[in-house]
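Scroll down for the structure; my scribbles are underneath it.
The values are calculated or read from the model by the stated rules, or taken from the named source; none is laboratory data. Everything numeric here is computed off the predicted structure, so don't read it as measured data. Cβ sites come from the backbone with ideal geometry, for glycine too, and all protein chains shown count toward neighbours.
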Amino acid sequence: MRRMEADVVVIGGGATGASVFRDCSLRGMQAILVERGDIASGTTGRNHGLLHSGARYAVTDSHSARECISENKILKQIAGHCVEATDGLFISLPEDGLDFQQQFMQGCADAGIHAQELSPKQALQLEPAVNPALIGAVRIPDGTIDPFRLTSATILDAREHGGALLNYNRAEGLLIEQGRVQGVRCRDLRNGEQFEIRCQAVVNASGAWCHEIMEYADLSVDMYHSRGALLIMGHRMNGMVINRCRKPGDADILVPGDTVSVIGTTSTHVGRDELETLEVTADEVKTLLQEGSKLAPSMLDARILRAYCGVRPLVAESSSGGDRSISRGLVAIDHGEQDGLPGLVTITGGKLMTCRLMAEVATDKVARLLNISVPCETASRPLPGAHLPEPIGRKMRQGQSRYRLPDSSLPNSIAGSAVYRHGDRARSFMQEDDHHNNAVVCECEVVTRGEILYAIETLNARSMSDLRRRTRVGMGPCQGEMCACRVAGLLASQQENGDEVLGSLQDFVNERWKGIRPVLWGDALRESEFSYWVQESLLGLSSLQPEGKAEDNRDLYHEL
Amino acid sequence: MNYDCLVIGGGLAGLTTGIRCAEAGLNVAVISSGESALTFSSGEIDVLGTDLSGRAVQNPFTALESLVQHQPDHPYAHVGTGNVAKSLDWFQREIAEAGLPMVTSGGLWDNHWRLTAAGALRPSWLSQQSAGALPWGLENIQRVVFVSFTGFLDFMPELAAAGLKTHPVFQQAEVQSLNIELPLEHGRGATADTMRAPQLARAIGESDVELICTRLLEQVNDADLVALPACLSAGRKNWLTVLRRRTGLRLVEVATMPPSVPGIRMLSALKRRLTAVGGFMIPAMPVITGDVSYGHVASVQTPDDELHAKQYVLASGSFFSKGLKSHAAGEISEPVFGLDIDVPETLSGQSFLVPEGHGFNRAGVRVNVQLQPSLNGTVIENLHVAGSVLAGYDPVIEGSGGGVAISTGWMAANEVIKKVALP
Ligand SMILES: Cc1cc2nc3c(=O)[nH]c(=O)nc-3n(C[C@H](O)[C@H](O)[C@H](O)COP(=O)(O)OP(=O)(O)OC[C@H]3O[C@@H](n4cnc5c(N)ncnc54)[C@H](O)[C@@H]3O)c2cc1C
Ligand SMILES: Cc1cc2nc3c(=O)[nH]c(=O)nc-3n(C[C@H](O)[C@H](O)[C@H](O)COP(=O)(O)OP(=O)(O)OC[C@H]3O[C@@H](n4cnc5c(N)ncnc54)[C@H](O)[C@@H]3O)c2cc1C
């Protein structure tokens with residue numbers, strides 16, 4: 001059996017695992033990240049993308065609120081190209097009254113969150129999409145965060161500091177010898193090959209699946225799997241985040257992001273056996289629209305692009321109380337201390353936007369195990385791409401971007417999108433006179449040939465869905481009906497294994513469909529019919545029979 | 001103006017009706033709001049590509065018999081299998097008259113294989129000469145090369161080659177790809193990178209063709225089949241014929257990603273034919289509503305006019321062309337007249353690429369055997385329906401889109417002609 005060696009193995013390539021991978025690498029440890037799918041293909045790729053200010057928790061969970069505002073400020077500094085500092089509104093509707101607003105202002109003040117009370121008129125001026133029936137509003141420093149970009153940039157930094165990424169590799173067991181965890185048994189899901197990685201510490205960052213890794217060592221944890229559904233609107237309806245000023249409930253946040261807006265979420269408890277079968281139900285769609293349109297009434301006329309859901313990896317603290325009363329705080333366990341099994345650290349719970357902090361806590365524990373005293377510097381060290389000449393502000397509602405490639409004469413529609421997604425690293429694939437690589441492959445999201453090739457060469461993208469997560473290709477209004485075939489062509493020109501490309505094209509088309517199906521009416525149905533003609537009649541995709549399609553078909557459930 | 005017949009929708013079905021009515025001497029107009037599905041299509045006519053068990057069929061006209069027996073509400077059942085053949089025969093003559101001869105391969109009633117840009121083979125019946133239909137038996141094709149022009153994004157030879165290799169017949173064959181960098185004589189400095197197929201077709205000139213010719217002779221001289229993007233036969237000259245002559249190779253054009261050169265060529269040929277035989281085209285004008293009372297259409301309204309005719313034909317296409325509309329909660333309607341609709345129980349399947357297709361493709365206007373629709377149960381006697389707005393068939397899975405559009409358009413015209421001739 002093949003053997004590898006490392007100081008640390010991180011299991012799970014979501015935002016949490018990626019951040020641990022980076023933190024370990026920056027502190028000089030030789031780290032390997034093992035992820036059974038693609039990076040950000042778990043909960044990280046299926047959340048709301050809200051860069052919390054902490055205000056949402058100001059009244060109910062002041063500890064989380066403080067964590068959020070502190071990480072909010074840090075991410076704006078170190079990950080400028082992954083976040084948009086849009087600010088947010090907490091609006092009170094007639095049915096809510098203004099009582100909660102008072103507690104809310106107090107809670108924000110206590111947690112150190114800057115909150116500014118606005119008149120309804122001021123709120124409407126700042127954010128015309130907001131429900132004009134509002135009776136009060138508070139402005140807070142919410143923002144948006146792109147989970148794919150954040151994860152990808154984090155991993156890139158780790159790799160540039162010596163880390164190795166093994167995506168499409170699953171951890172299947174822990175090597176436990178002399179009462180310590182000494183490594184991980186893995187399987188390469190592309191060819192089925194088993195191998196071992198020997199190491200001094202293992203970090204379990206497998207999110208909603210972290211109980212499975214613990215079970216490899218006969219340990220257990222009381223997970224509370226909370227599923228949330230969301231809808232993506234076909235255009236960017238709002239410039240600022242819009243929240244309801246009341247106790248957290250269903251469909252009470254509307255988050256803008258890139259070219260779309262996302263309404264969410266719902267919250268239902270699901271069993272462990274339901275983690276892989278995530279379909280949004282008609283009832284969820286109804287609730288989201290009904291409640292969401294109270295934030296922004298124009299939602300009822302907007303096209304819905306797709307629906308998706310994810311599972312929050314929460315840890316139950318007590319079995320009483322509803323799910324929203326469970327802390328969203330991070331949970332870090334040194335199993336040496338807790339269970340007498342040194343060499344294993346579990347990090348879970350928390351939020352997307354606290355991933356850096358979670359990593360710091362986990363890596364501190366690992367450093368102690370390895371006797372490493374290098375301090376954590378992730379709070380001040382920018383991610384690759386974040387060295388931008390000026391702080392990036394809000395993306396305009398009309399989609400014109402304020403993002404610019406410095407000293408470039410390229411049209412801003414093209415250069416701006418590249419900078420928006422890759423920050424200053426856009427220069428790695430965008431040269432002034434390179435017509436060939438600057439040609440647009442995906443019109444909706446303005447993705448160029450160069451960006452696709454860069455993602456294949458530098459960002460470990462191997463499949464069509466990997467490319468979507470790295471570049472947003474196929475995520476816009478057409479959902480890939482025109483660009484999927486082009487991108488597959490580019491992939492085929494770079495990759496020996498044509499069968500793998502074709503398989504991933506079929507998966508991509510099927511995956512896009514999963515998210516459209518729950519909202520299949522109006523323009524969504526029109527586009528789907530057209531897409532069906534293109535993929536099935538014009539191209540004949542389902543008649544292709546590529547060999548050896550990847551065993552792991554998790555891409556088949558829907559994502560953002 | 002009072003027409004004998006007003007056709008709503010200028011796609012394949014509507015133009016077929018228009019041409020047939022005009023030829024019969026009727027005063028006919030075809031009014032159309034937007035682009036037809038033809039603009040995006042392969043430019044071939046499928047009649048029936050798969051049988052009820054999902055197998056590819058070699059003789060569509062035989063397979064039709066069993067299809068209509070099992071599906072009495074299929075549009076082909078209303079037309080009748082004999083008439084389907086007649087209508088297609090008629091169509092083949094018409095399109096040739098319009099200067100676009102279309103061919104079957106080998107046997108007159110046999111399907112051939114259409115090669116796609118993803119390297120798949122789809123059964124089809126009538127093809128343009130540029131496409132060079134591949135005969136049913138493929139065995140003696142042993143070396144295939146997909147050729148494209150550097151930078152062109154809408155036909156990627158590497159993908160097509162990978163696709164064809166998955167076909168059982170081609171697993172042992174040699175399938176390769178080649179990119180040729182073209183100067184683009186008429187490209188005004190632009191490169192193929194930013195061009196769609198119709199622009200690329202216009203940009204190619206003599207010197208490009210020279211270059212293609214040299215490269216083909218140098219590099220793929222021994223290929224049994226060379227497949228190129230469909231943009232050579234529609235330029236300033238038919239470069240494809242030039243290349244075929246100079247290289248002696250078997251060159252075929254494959255429909256690119258939309259917009260499609262062969263599809264657009266077919267659409268213009270049909271429009272030309274319509275005017276040549278005396279029909280009118282009212283382009284870029286939507287019909288908003290129709291005035292129906294007592295089972296009779298009195299008039300239809302456009303945004304700035306009211307139009308009158310003795311007979312009307314609705315050929316407004318499916319969802320994509322806005323001939324059908326879908327609303328939240330699964331409701332589907334026909335927006336002009338509000339006609340009675342057939343909707344399958346489930347609109348969609350779990351996966352996108354499924355052998356049984358999706359219910360939404362089968363939704364549409366319900367008609368009787370004369371292709372007349374009803375409104376709240378009352379038959380409308382001076383309205384007939386044709387093409388993809390019809391219920392009861394799945395054009396994609398069956399591979400019947402073109403055949404149904406033509407045969408129902410043809411039959412609707414026959415019904416209209418009969419009625420107008422009556423005193
Ligand atoms: C509906 C919803 C909305 C949310 N909204 C927000 C929000 O707006 N803002 C915010 O900050 N947070 C939000 N969150 C929370 C946030 O998404 C999660 O806390 C965070 O993404 C968790 O990241 P993770 O890396 O811990 O887990 P994951 O992203 O799930 O990563 C775990 C990874 O481990 C991999 N894995 C599992 N088992 C194995 C194995 N055996 N071998 C190898 N790999 C394995 C999985 O494939 C997965 O990729 C939301 C969550 C949900 C569900
Ligand atoms: C990508 C693609 C590939 C295809 N490939 C093939 C193939 O290889 N072989 C094959 O046989 N078939 C193929 N087809 C199918 C074939 O083109 C269609 O089945 C056929 O064209 C349908 O014709 P139609 O006239 O019914 O509808 P359409 O072509 O959709 O025409 C309807 C017309 O009506 C107009 N209209 C709608 N409402 C109104 C209104 N209220 N007032 C005025 N005008 C209105 C629309 O603007 C449109 O122009 C393909 C289709 C597509 C989209």
- Please give the number of the condition B:VAL28 fails out of (1) at pLDDT 95 or above; (2) within 14 Å of chain A (Cβ to nearest Cβ). (2)
- Which of the residues that make up region A:439-449 are touching a helix residue (DSSP H, G or I) at 6+ places or on another chain (Cβ under 6 Å) and either within 11 Å of chain B (Cβ to nearest Cβ) or assigned to a helix (DSSP H, G or I) (or both)? A:ALA439, A:VAL441, A:CYS442, A:THR448, A:ARG449
- Message: With the requirement that a residue be aliphatic (A, V, I, L, M) and either away from chain A (no Cβ under 14 Å) or within 16 Å of ligand 1 (Cβ to nearest atom) (or both), what does region B:31-46 give you?
- Response: B:ILE31
- Item | Members of region A:450-478 that are out of contact with any Phe, Trp or Tyr (no Cβ under 8 Å at 6 or more places or on another chain), surrounded by fewer than 23 Cβ atoms within 10 Å (Cβ to Cβ) and either within 13 Å of chain B (Cβ to nearest Cβ) or not in a loop (DSSP other than H, G, I, E, B) (or both) | A:ILE456, A:GLU457, A:THR458, A:CYS478
- Would you check which residues across region B:5-51 are in a loop (DSSP other than H, G, I, E, B) and more than 9 Å from ligand 2 (Cβ to nearest atom) and list them? B:ALA24, B:GLY25, B:LEU26, B:ASN27, B:LEU48, B:ASP51
- Output for region A:46-89, where each listed residue is under 23 Å from A:ALA109 (Cβ atoms) and among the aliphatic types (A, V, I, L, M): A:LEU50, A:LEU51, A:ALA55, A:ALA58, A:VAL59, A:ALA65, A:ILE69, A:ILE74, A:LEU75, A:ALA85, A:LEU89
- Query: Would it be correct to say that A:HIS114 is under 15 Å from the mean Cα position of the chain (by Cα) and away from ligand 2 (no atom under 16 Å from the Cβ)?
  - Reply: no
- Message: From the list A:GLN545, A:GLN494, exactly one residue is at the interface with another protein chain (Cβ under 9 Å from one of its Cβ atoms), farther than 23 Å from B:PRO123 by Cβ and either surrounded by fewer than 21 Cβ atoms within 10 Å (Cβ to Cβ) or modelled with pLDDT under 95 (or both). Which is it?
- Response: A:GLN494
- Message: The conditions are (1) in contact with a Gly (Cβ under 8 Å, 6 or more places away or on another chain); (2) surrounded by 22 or more Cβ atoms within 10 Å (Cβ to Cβ); (3) closer than 26 Å to A:ALA524 by Cβ, and A:ARG425 fails exactly one of them. Which is it?
- Response: (3)
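To keep it simple, each residue is scored yes or no on (1) over 30 Å from B:PRO123 (Cα atoms); (2) within 16 Å of ligand 2 (Cβ to nearest atom).
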| residue | (1), (2) |
| --- | --- |
| B:ASN221 | no, no |
| B:ARG236 | yes, no |
| B:PRO262 | no, yes |
| B:LYS271 | no, yes |
| B:MET285 | yes, yes |
| B:THR289 | yes, yes |
| B:ALA298 | yes, no |
| B:GLN301 | yes, yes |
| B:ASP305 | yes, yes |
- Given the conditions (1) of a type outside the set (D, E, K, R); (2) assigned to a loop (DSSP other than H, G, I, E, B); (3) out of contact with any His (no Cβ under 7 Å at 6 or more places or on another chain); (4) farther than 22 Å from B:CYS21 by Cα, which single one is not true for B:GLY317? (4)
- Please give the helices (runs of 4 or more DSSP H) falling wholly within region B:52-125 in which 3 or more residues are polar (S, T, N, Q) and within 24 Å of B:GLY364 (Cβ to Cβ). B:81-97
- Would you please list the contacts, defined by Cβ atoms under 7 Å and residues six or more apart or on different chains, that run from a residue in region B:316-329 that is free of Cβ contacts under 8 Å to residues at least 12 places away in the same chain and more than 7 Å from every other protein chain (Cβ to nearest Cβ) to a residue that is within 10 Å of ligand 2 (Cβ to nearest atom) and outside any helix (DSSP H, G or I)? B:LYS325/B:PRO335
- Quick one: B:VAL385 ticks every box in (1) within 11 Å of ligand 2 (Cβ to nearest atom); (2) more than 30 Å from A:GLY503 (Cα to Cα); (3) within 14 Å of another protein chain (Cβ to nearest Cβ); (4) of a type outside the set (Ser, Thr, Tyr) bar one, so which box is it? (3)
- Got a sec? Which of A:SER19, A:SER53 is under 19 Å from the mean Cα position of the chain (by Cα), among the polar types (S, T, N, Q) and either in the same structural domain as A:ILE242 (by TED's automatic domain parsing) or part of a loop (DSSP other than H, G, I, E, B) (or both)? A:SER53
- Query: What pairs come up if the first residue lies in region B:33-51 and is modelled with pLDDT under 95, the second is charged (D, E, K, R), and their beta carbons are under 8 Å apart, counting only those six or more places apart or on different chains?
  - Reply: B:GLY34/B:LYS322
- Quickly run through region A:49-68 and pick out the residues that are buried (at least 23 other Cβ atoms within 10 Å of the Cβ) and either among the β-branched types (Val, Ile, Thr) or touching a residue at least 60 places away in the same chain (Cβ under 8 Å) (or both). A:GLY49, A:LEU50, A:LEU51, A:HIS52, A:SER53, A:ALA55, A:ARG56, A:TYR57, A:GLU67, A:CYS68
- Where B:ASN376 falls short, out of the listed (1) surrounded by 24 or more Cβ atoms within 10 Å (Cβ to Cβ); (2) more than 11 Å from ligand 2 (Cβ to nearest atom): (1)
- Please note which strands (runs of 3 or more DSSP E) are completely contained in region A:162-270 and include at least 1 residues that are crowded, with 23+ Cβ neighbours inside 10 Å. A:169-177, A:180-188, A:194-198, A:201-204, A:223-233, A:241-244, A:253-257, A:260-264
- B:ALA56 touching a strand residue (DSSP E or B) at 6+ places or on another chain (Cβ under 6 Å), within 30 Å of B:ALA131 (Cα to Cα) and within 14 Å of chain A (Cβ to nearest Cβ): yes
